[in-house]
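The values are calculated or read from the model by the stated rules, or taken from the named source; none is laboratory data. No experiment lies behind these values; they were computed from the predicted model shown. Every residue, glycine as well, gets a Cβ built from its backbone with ideal geometry; the counts of neighbours run over all protein chains shown.
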Amino acid sequence: MDKTIMYIDADAFFASVEQASRPNLLGKPVAVAGRNKRTVVVASSYEAKRLGIKTGMTKGGAKRTLPSLIIVEGNNEKYVDTCVRINEILLKYTPEVEIYSIDESFMDITGSFPFFPSPAGIAHAIKKEIKDTFGITCSIGIGPNRLIAKIAGESGKPDGLVMVKKEETRGFMKELPVGAIPGIGKRMGVALKDLGVITCGELLDFPVSVLRRRFGIWGDYVSLMAQGIEPLGDKRSGRPSTSIGHSMTFEEDIGDRATIKSHILELSEMVGRRLRKEGMTARGFSLTWRYPDFTTYTKRCSIPFHTQDGKMIYQVTGTLMDSIRLKDRIRLLGVTAFNLQKSMAISPLIEKSDKGERLYKVMDTINDIFGEHSIHRATLLLCRKHHWVISPAYRPYKSYPFRR
Amino acid sequence: MLTKIGERIRVGVVFREEGQKIEPRWFLWKGKRLTIQRVTYRWREKTGKELIHKFAVTDGSNLYELSYLQESLLWFLEAVETDG
């Protein structure tokens, strides 16, 4: 039996959830952003998109573009819970469900056909249940692999259902612009255009050797993808995170080094907490800073061992900050951990050398029981509490946190 | 406009499916009994170990956000959104 993959993407997810919970927002241009007056738009309703609102616009910029825009404060837990509950619906049809991001999931429904009528039947049932339960719509793509399913799903937005059979793959891909292939961004799209390649059909006929010379291994990948072949197979499904990071935009630009470093400590502690929650350790860390003119820089550093200790992360990122001569005040700071691996319990060779680790264990337990920030380093009292909204690319790391 | 309230309230509620489905029907606020016409959205949040059930409800004219703390068995009116 041919493999059948279904891709489900909630349309304008955060904005749709807000419109469903607040019916007075229905049919109006809505954007979701953080509470901070200088945060950016993370999602917008189709009404807003049609009128020029784009993800990543500053709140002020979005308001200037569209004065009638309604900006709503995002609610992370509402979106994560909705994502979990949508995936509970998907699990009724197959146990092979992968949460790809907060608003996207893949299902392998190959084994579901003896129990359900057809792929289209399953898709219609899912769309109906999501609409009835949450009042939001989703787009579904069905294909012989994840790549085709995703491209099909994206092509039918909003509220669409597009099915591509294995034998229809080449024909389906041929007319699509190269930008429809996941991974081909604006820059690569321009580079391909310079080579005279605009559609997937043209990409298909283009010599792979030239693509490889121009883009390295990605040249081979995009050539395969233009044929509807997933170059990495399903090796990337259920993949662990490759990096974990947090960033914050300040209400006012900051220039004082002590304040900057207290925020770096805060971000480092947040990254450390997430590493521990996900059972990961990292040995690479980066510090990102943005000036008021939006020029953004990142500096990276690797250490010889893996850690999930917020203080250790701060020592690395704080040192990175010390090595920088700032040319202006700072608008945004970010800390990211990369080179991740699963954490392993190792007995300390020197007695009491695991004091820090034990301290974090106790702090994590207290925060798990009484809520985040119940206990934290006293230095962080200098930092004001931030309200941030997760990125739509966020993937809930525990699929079913509320299941009893 | 959304106004934060954070007041403890009394709620009339139907628990169905062995407590898995919670349906608030009315609540008392400022000496008035407000009948819930529709639950527009429901979601769950966690503060530490406490599971909180959140409800966006409407009485036909305003939108209210209610929360039910599962461990402490308390109901709160979190916010109210009036037209305009």
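Taking the stated definitions as given, is A:Lys150 among the charged types (D, E, K, R) and in contact with a strand residue (DSSP E or B) (Cβ under 9 Å, 6 or more places away or on another chain)?
So A:Lys150 fits the description; yes.
I'd like the residue in the stretch B:24-81 that is assigned to a strand (DSSP E or B) and small (Gly, Ala, Ser) and, out of all such residues, is nearest to the chain's Cα centre (by Cα). Outline the logic, then answer.
Taking the stretch B:24-81 and keeping what is assigned to a strand (DSSP E or B), we get B:24-29, B:32-35, B:38-47, B:50-58, B:63-69, B:74-81.
Still in the list and also small (Gly, Ala, Ser): B:56, B:67, B:79.
On the way: B:Ala56: 7, B:Ser67: 5, B:Ala79: 9 Å.
Result: B:Ser67.
Between A:Lys174, A:Lys131, A:Lys186, A:Lys127, which is surrounded by 14 or more Cβ atoms within 10 Å (Cβ to Cβ) and over 29 Å from A:Leu26 (Cβ atoms)?
Only one candidate qualifies: A:Lys174.
Kindly evaluate B:Glu65 against the criterion of being at the interface with chain A (Cβ under 10 Å from one of its Cβ atoms), surrounded by 12 or more Cβ atoms within 10 Å (Cβ to Cβ) and modelled with pLDDT under 95.
Criteria not met by B:Glu65.
Of all residues in the stretch B:10-45 being within 8 Å of chain A (Cβ to nearest Cβ) and in contact with a Gly (Cβ under 8 Å, 6 or more places away or on another chain), which is nearest to A:Asn367 (Cα to Cα)?
By that ranking, first place goes to B:Tyr41.
Determine which single condition A:Thr242 fails, assuming it passes every other condition in (1) surrounded by fewer than 16 Cβ atoms within 10 Å (Cβ to Cβ); (2) at pLDDT 95 or above; (3) not charged (D, E, K, R).
Only one criterion is unmet by A:Thr242, namely (2).
For A:Phe116, only one of the following conditions fails: (1) under 20 Å from A:Ala12 (Cβ atoms); (2) free of Cβ contacts under 8 Å to residues at least 60 places away in the same chain; (3) of a type in the set (Phe, Trp, Tyr). What is its number?
Of the numbered conditions (1) under 20 Å from A:Ala12 (Cβ atoms); (2) free of Cβ contacts under 8 Å to residues at least 60 places away in the same chain; (3) of a type in the set (Phe, Trp, Tyr), the odd one out for A:Phe116 is (1).
Can you tell me which of (1) within 14 Å of another protein chain (Cβ to nearest Cβ); (2) in a helix (DSSP H, G or I) is the one A:Gly111 doesn't meet?
Only one criterion in (1) within 14 Å of another protein chain (Cβ to nearest Cβ); (2) in a helix (DSSP H, G or I) is unmet by A:Gly111, namely (1).
So, of the residues in the stretch A:76-89 that are in contact with a helix residue (DSSP H, G or I) (Cβ under 7 Å, 6 or more places away or on another chain) and either surrounded by 20 or more Cβ atoms within 10 Å (Cβ to Cβ) or without any contact (Cβ under 8 Å) to a residue 40 or more places away in the chain (or both), which turns out to be farthest from the other protein chains (Cβ to nearest Cβ)?
Only one residue fits best here, namely A:Ile86.
For the stretch A:26-48, give me each residue that is surrounded by fewer than 20 Cβ atoms within 10 Å (Cβ to Cβ) and within 14 Å of another protein chain (Cβ to nearest Cβ).
Scanning the stretch A:26-48 gives A:Leu26, A:Lys28, A:Arg35.
Please work out if A:Glu73 is surrounded by fewer than 22 Cβ atoms within 10 Å (Cβ to Cβ), out of contact with any Gly (no Cβ under 8 Å at 6 or more places or on another chain) and within 13 Å of another protein chain (Cβ to nearest Cβ). Can you show your working first?
Numbers: surrounded by fewer than 22 Cβ atoms within 10 Å (Cβ to Cβ): yes; out of contact with any Gly (no Cβ under 8 Å at 6 or more places or on another chain): no; within 13 Å of another protein chain (Cβ to nearest Cβ): yes.
When the stated conditions are applied, A:Glu73 does not pass them.
Select, from A:Asp354, A:Asp322, A:Asp368, A:Asp309, the only residue that is acidic (Asp, Glu) and touching a helix residue (DSSP H, G or I) at 6+ places or on another chain (Cβ under 8 Å).
Being acidic (Asp, Glu) and touching a helix residue (DSSP H, G or I) at 6+ places or on another chain (Cβ under 8 Å) holds for just one of A:Asp354, A:Asp322, A:Asp368, A:Asp309, which is A:Asp309.
Which of the residues belonging to the stretch A:49-68 are touching a helix residue (DSSP H, G or I) at 6+ places or on another chain (Cβ under 6 Å) and either surrounded by 21 or more Cβ atoms within 10 Å (Cβ to Cβ) or under 19 Å from B:Met1 (Cα atoms) (or both)?
Hit for the stretch A:49-68 is A:Ile53, nothing else.
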